[in-house]
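So the structure is just underneath, and the comments pick up after that.
The values are calculated or read from the model by the stated rules, or taken from the named source; none is laboratory data. All values derive from a computational prediction rather than experimental measurement. All Cβ positions, even for glycine, are placed from backbone atoms using ideal geometry, and neighbour counts span all protein chains on display. Ligands, DNA and RNA are stripped out before the accessible areas are found, and what is left, the full protein with its side chains, is counted by its heavy atoms. Shrake-Rupley method; radii C 1.70, N 1.55, O 1.52, S 1.80 Å.
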Amino acid sequence: DHVALGNEEWNPWEGDEKNELVASQQRFEANLKMINKGRSHLEQTSLRVQIWGKAAIGLYLWQHIFGGQLEPADVSAPWREGSQKAGKTYFSFITGPSVVPGYFSVEAENIVLVLNGREAAKVAHATQWLRYAQTLIQTRKIQRVAVVLLGSEQCTNEWIQPYLKRNGGFVNLLFVTYDYALVNEEDVFQWPLGVATYRNFPVVEPSWSMLRDPRSYLCNFLGTVYKNSSRETLMEILKQDGLDKLCWIAAREQWQPQETNDSLKNYQDALLQSDLTLCPVGINTECYRIYEACSYGSLPVIEDVMTPGDCGNSSMYHSAPLRLLKTMGAPFIFIKNWKELPAVLEKEKKMSLQEKIQRRKKLIEWYQNFKAWMRQKLINTLENSFLPSDKG
């Protein structure tokens, strides 16, 4: 096909190739001009959004849902930041105790404010941030505000309502955790609770062994057992048939907010070594444990009952918690009573490793898709609300 001349190869099409190379170079330069023109046009119409992460769920949003990086990597640093381009939007993110109203650079006209509204002291702190944002709007330093709120576990979030634009306030969009009855998919959206980033739960990358290795335990539950709660029932049922011997169970009587390196590793090992993670209700049905189990391919078994309070208190949702996860087709096991657990574990014993591997793959893939979907939903909602309309 060809003749070797010394170290060179003879090429009968050399002349044509030179012409093609020149034409190709011209096409490349023309394309580059078009891309640059398009890019400058895009930069004129694109959105700049600064996220102020003043609640731990901000880390779930940025690192887990957006897959964003933070500098410095040290979680105890007083100031951490990151940025990324997504859709038509350039996002920057800042967090840390040194991010204080009036003492940092406001770098965008559009702000996403991540707040904790779980209890009175947190609400007071969140209110200071909202007032600061309101001042910036009044002085035309910023134009639009969205809030991502860690809401109350009983959905008593009335304090935020006067700040919503529809009630005469300035907050354009609200993304809120738990089954808040005012979620309408117009200006109020449900947001996932996610993993306990305040306890330094990491971003977990699925590995070959996580997907394929046999696991030592049928199930796990590491957590607090409150008096007169369904968790007491769960413990009794596990002890009855010696099921607690097949599961990694570490119950304590008092809640411990602080995680040590050892306790975090212990918990992660339990998730990694169990086929199922038992998720009894606490103050709310939705808990960090659900998302943490998904991270390790351990299928959540969820006590599917409404908790006391104002969550989903319209007749439509009265007996149906976790509507965000259910709407997204979460492949979990939902049970109404822990008395159903022995039958679930009996079925588990009979499953082959291959069936469990397939289930793990499905769970991990679902969770990755769920995070990607939430990311896209946030971006689309911000762009639809904040970008100037092309109509008229």
Accessible area of segment 48-177 divided out per residue, in Å², using a probe of 1.4 angstrom: 42
Cα-Cα separations in segment 48-177 greater than 25 Å, expressed as whole percent: 21
In sequence order, calculated HN-Hα J values of segment 121-135 (Karplus, 6.51, -1.76, 1.60; Hz; x Gly/Pro): 5, 5, 4, 4, 5, 4, 5, 4, 5, 5, 5, 4, 4, 4, 4
At most 16 other Cβ within 10 Å, DSSP loop - GluC sites (Glu not before Pro), segment 77-133: GLU107, GLU119
Segment VAL344-GLN268, extension gain: residue separation times 0.36 nm, minus the distance between their alpha carbons: 25.1 nm
Cα gyration tensor shape of segment 198-369, rounded if a/c is under 1.5, else prolate or oblate by comparing a/b with b/c: rounded
Phi to ³J(HN,Hα) by Karplus 6.51 cos²θ - 1.76 cosθ + 1.60 over segment 103-115, Hz, x for Gly, Pro: 10, 8, 7, 8, 10, 8, 7, 10, 10, 10, 9, 9, 10
Loop-resident sites, segment 43-111, for chymotrypsin sites (Phe, Trp or Tyr not before Pro), counting at most 12 other Cβ within 10 Å (DSSP): TYR103
Carbon plus sulfur fraction of accessible area for segment 117-183, probe 1.4 Å, in percent: 47
Distant-in-sequence amide H partners of VAL171 (H built 1.01 Å from N, under 5 Å): LEU164, LYS165
LYS88 versus LYS361: modelled label distance in nm, points set 7 Å from Cα along the beta carbon direction: 3.9
Segment VAL75-ASN167, extension gain: residue separation times 0.36 nm, minus the distance between their alpha carbons: 29.4 nm
Under the Karplus curve 6.51 cos²θ - 1.76 cosθ + 1.60, θ = phi - 60°, whole-Hz ³J(HN,Hα) for segment 210-218, x wherever Gly or Pro sits: 4, 6, 10, 6, x, 10, 6, 10, 5
